[in-house]
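I have placed the structure first, in the form of structure tokens, so that the comments after it can refer back to it.
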Amino acid sequence: MKIQIANRHETAHPQVKAFIETELESLATRYEIIGADVILDHEGHSIPHVIAEINLKIKGGMLIAKEKSEKVEKSIDLAVRSLEKQLQKHKETHFASQELRRTSAKLKGIEVVDSSDDTEDTEVL
């Protein structure tokens, strides 16, 4: 997975970069993620806030999470949690639609080829 990190108005500490990579790699172990763009933005002078925006590239689309808090790690963690919910929802709807296509094809007597796996599952009625 390719991760690009951009930090506006400051330079990112190596610890922050390592934290981002660790969090995104943990998602990549459970979901099929192609890449991620992370943008950290600092705003405010009296009470500084950090905005973490993560654009996650997945097969079939892109998911976006943007969170704001007082600390960098908290913003990143909130954005990753939001993405995890989005990924779970995407996975449920994606696999549900595949199952619906298979069931519909079986009723019609059409051969079904599943392109999401490396092996081909064919069924002929």
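We did not get these values from a lab; they are worked out from the coordinates using the rules stated. These numbers were taken from a predicted model, which means no experiment stands behind them. So basically every Cβ, Gly included, is an ideal-geometry build from the backbone, and we count neighbours across all protein chains shown.
Numerical summary
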| quantity | calculated |
| --- | --- |
| Test: Ala6 is free of Cβ contacts under 8 Å to residues at least 12 places away in the same chain and within 18 Å of the chain's Cα centre (by Cα) | no |
| Residue match in segment 4-11 (condition: of a type outside the set (A, V, I, L, M) and in contact with an Asp or Glu (Cβ under 6 Å, 6 or more places away or on another chain)) | yes |
